[in-house]
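Quick notes on the structure that follows.
The values are calculated or read from the model by the stated rules, or taken from the named source; none is laboratory data. If you're wondering where the values come from, they're calculated on a predicted model, not measured in any experiment. Note: ideal-geometry Cβ built from the backbone for every residue, glycine included; neighbour counts use all protein chains shown. For accessibility, only protein heavy atoms count, side chains too; no ligands or nucleic acids. Shrake-Rupley method; radii C 1.70, N 1.55, O 1.52, S 1.80 Å.
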Amino acid sequence: MAAVAQHRGPGRRRRSPLPYTWQRGYLLASPALLVMLAILIYPLGYSFVMSFFRWDLSGSAPFIGTGNYTDELFGRQFNQALRNQTIFSVVSITIEVVAGMAIAVLVNGKLRGMRLARTLLLVPPMIAPAVVGLNFRWLFNTQYGLVDALLRMFNLPDIPWLNHPTWALVSVIVADVWQNTPLMVLLFLAGLQSLPQEPLEAATVDGATPWQRFWHIVLPLMRPVIMIALMLRIIDTFRTFDVVWLMTQGGPGGATNLLTVYSYLLAFQAVDFGHAAAVSYIALGMSLFVLALLYGVPWLIAKRRAI
């Protein structure tokens, strides 16, 4: 040992391998990073530049600045799509979060058949949105759909699900709720099973009712999980396309024309890629703004209370 120490020298220190580890890590990850830049960053940047040009495949693409954005922000069709998007997002997310929490609390109980119920909850999120759209298009068909057939069986009037502006939007919301509520249930169920049991047991000993335990203990502890669920659904509703397109194609009369559908119609039917790109980036900005409010407002409230 003395010989080894003498060989190393009294003041020599062993160099940390950390810088080499980071360098090797970046070197090994560089092919994946380059692929991500190629398939993600470049199309985003290209489409963002496109939104400032009159891009209609006519052979010339003049620069018009923010003209595409102002045209859409003050246009009737965009405002109708924005109204539809707001109604669709707010109603769908509200139903999915409330129903998902209620079902998660029920499934979390020690009842017979709960294991089978938890397994069946995996089925709707696993189905492709295109298949969901086609299935609900057949279910809500006025002539030979299952829903109207059941209404006629009970001597109830038929409902023009996909032919009436209001009912068409309701039909799209029902399809979205059916597919995405089980995902909320699974998220909330995982959160409920990870909660500490000591506060609930103490509240039970103090005589708190189940509703009081849920409202004053479970909900505050579940706030981070609820925030994550809201974030996921807000992002998802702003990019919903398959179900709406296959059920209604944005009709009737633009009643189900969400921002994604409207952007698709501008790009591939009106062949107006400049306005389509502008609509897409307006939708992106709106979703980021809503997410910023979702996280920023509670943070400001907590900071003010701390002061």
| When THR86 is evaluated against the numbered criteria (1) modelled with pLDDT under 90; (2) on the phi < 0 side of the Ramachandran plot, which criterion, by number, is the only one it fails? | (1)
| note | Those residues of the stretch 29-59 which are among the hydrophobic types (A, V, I, L, M, F, W, C) and touching a Phe, Trp or Tyr at 6+ places or on another chain (Cβ under 7 Å) amount to PHE48, MET50, PHE52, PHE53, TRP55
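In the list ASP272, ASP242, which residue meets the criterion of being under 25 Å from LEU44 (Cα atoms) and in contact with a Pro (Cβ under 8 Å, 6 or more places away or on another chain)? Break it down stepwise before answering.
Details: ASP272 fails: in contact with a Pro (Cβ under 8 Å, 6 or more places away or on another chain).
Among ASP272, ASP242, only ASP242 is under 25 Å from LEU44 (Cα atoms) and in contact with a Pro (Cβ under 8 Å, 6 or more places away or on another chain).
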| Complete set of residues in the stretch 219-235 that are open to solvent by 40 Å² or more (accessible area, probe 1.4 Å) and under 30 Å from HIS164 (Cβ atoms) | ILE235
| field | Residues of the stretch 236-248 that turn out to be out of contact with any Leu (no Cβ under 8 Å at 6 or more places or on another chain) and either surrounded by fewer than 18 Cβ atoms within 10 Å (Cβ to Cβ) or closer than 15 Å to VAL177 by Cβ (or both), as a count | value | 5
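One line per residue, one yes/no per condition, for (1) under 22 Å from GLU96 (Cα atoms); (2) under 20 Å from the mean Cα position of the chain (by Cα):
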residue	(1), (2)
LEU150	no, no
ALA175	yes, yes
TRP215	yes, no
GLN249	no, no
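Give the stretch 129-153 a look and list any residue that's open to solvent by less than 50 Å² (accessible area, probe 1.4 Å) and in contact (Cβ under 8 Å) with a residue 12 or more places away in the chain, or say none.
If we filter the stretch 129-153 for residues that are open to solvent by less than 50 Å² (accessible area, probe 1.4 Å), which is where we start, we get 130, 132-133, 136, 140-142, 145, 147-149, 151.
Residues satisfying the conditions are ALA130, VAL132, GLY133, PHE136, PHE140, ASN141, THR142, GLY145, VAL147, ASP148.
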| Out of curiosity, is VAL90 of a type outside the set (Phe, Trp, Tyr) and open to solvent by 70 Å² or more (accessible area, probe 1.4 Å)? | yes
| remark: Sole miss for ILE39 among (1) part of a helix (DSSP H, G or I); (2) free of Cβ contacts under 8 Å to residues at least 24 places away in the same chain; (3) more than 24 Å from the chain's Cα centre (by Cα) is condition (3)
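If we keep just the residues of the stretch 99-122 that are in a helix (DSSP H, G or I) and basic (Lys, Arg), which is surrounded by the fewest Cβ atoms within 10 Å (Cβ to Cβ)? Break it down stepwise before answering.
First pass over the stretch 99-122, keeping only residues in a helix (DSSP H, G or I): 99-107, 114-120.
Now drop any that are not basic (Lys, Arg), which leaves 115, 118.
Values: ARG115: 9, ARG118: 16.
The residue in question is ARG115.
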| Top-ranked residue of the stretch 154-172 - restricted to ones that are touching a residue at least 60 places away in the same chain (Cβ under 8 Å) and in contact with a Phe, Trp or Tyr (Cβ under 6 Å, 6 or more places away or on another chain), ranked as farthest from ARG239 (Cα to Cα) | LEU162
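Please specify each residue of the stretch 175-186 satisfying the condition of being β-branched (Val, Ile, Thr), open to solvent by less than 20 Å² (accessible area, probe 1.4 Å) and over 9 Å from ALA104 (Cα atoms).
Scanning the stretch 175-186 gives a single hit, THR181.
How many of the residues making up the stretch 271-288 are polar (S, T, N, Q) and touching a Phe, Trp or Tyr at 6+ places or on another chain (Cβ under 6 Å)? Spell out how you get there, then give the answer.
The first filter runs over the stretch 271-288 and keeps only residues polar (S, T, N, Q), leaving 280, 287.
Cutting the leftovers down to touching a Phe, Trp or Tyr at 6+ places or on another chain (Cβ under 6 Å) gives us 287.
Total meeting the criteria: 1.
Just checking, how many residues over the stretch 187-196 are in a helix (DSSP H, G or I) and surrounded by fewer than 17 Cβ atoms within 10 Å (Cβ to Cβ)? Lay out the reasoning, then the answer.
Here is the first cut: in the stretch 187-196, the ones in a helix (DSSP H, G or I) are 187-193.
Then keep just the ones that are surrounded by fewer than 17 Cβ atoms within 10 Å (Cβ to Cβ); that gives 190, 193.
Residues that pass the stated criteria total 2.
Which count do you get for residues in the stretch 274-307 that are open to solvent by 40 Å² or more (accessible area, probe 1.4 Å) and either at pLDDT below 80 or over 15 Å from LEU258 (Cα atoms) (or both)?
Here is the first cut: in the stretch 274-307, the ones open to solvent by 40 Å² or more (accessible area, probe 1.4 Å) are 280-281, 284, 286, 288-290, 292-293, 295, 297-307.
Among the residues that remain, those that are also either at pLDDT below 80 or over 15 Å from LEU258 (Cα atoms) (or both) are: 288-290, 292-293, 295, 297-307.
Residues meeting the conditions: 17.
What residue, among those in the stretch 263-273 that are aromatic (Phe, Trp, Tyr) and farther than 13 Å from ASP242 by Cα, is surrounded by the fewest Cβ atoms within 10 Å (Cβ to Cβ)? It would help to see each step written out before you state the result.
Here is the first cut: in the stretch 263-273, the ones aromatic (Phe, Trp, Tyr) are 264, 268, 273.
Then drop every residue that is not farther than 13 Å from ASP242 by Cα, which leaves 268, 273.
On the way: PHE268: 11, PHE273: 22.
That would be PHE268.
Out of the residues in the stretch 52-81 that are in a helix (DSSP H, G or I) and among the acidic types (Asp, Glu), state the one that is surrounded by the fewest Cβ atoms within 10 Å (Cβ to Cβ).
To start, the set of residues in the stretch 52-81 that are in a helix (DSSP H, G or I) comprises 67-73, 76-81.
Then keep just the ones that are among the acidic types (Asp, Glu); that gives 71-72.
Working: ASP71: 16, GLU72: 23.
Among them, the one singled out is ASP71.
Any chance the stretch 10-24 includes a residue that's at pLDDT 75 or above and open to solvent by 90 Å² or more (accessible area, probe 1.4 Å)? Explain how you work it out, then say what you get.
Here is the first cut: in the stretch 10-24, the ones at pLDDT 75 or above are 23-24.
Those still in the list that are open to solvent by 90 Å² or more (accessible area, probe 1.4 Å) too: 23-24.
Yes, there is a match, as at least one residue in the stretch 10-24 is at pLDDT 75 or above and open to solvent by 90 Å² or more (accessible area, probe 1.4 Å).
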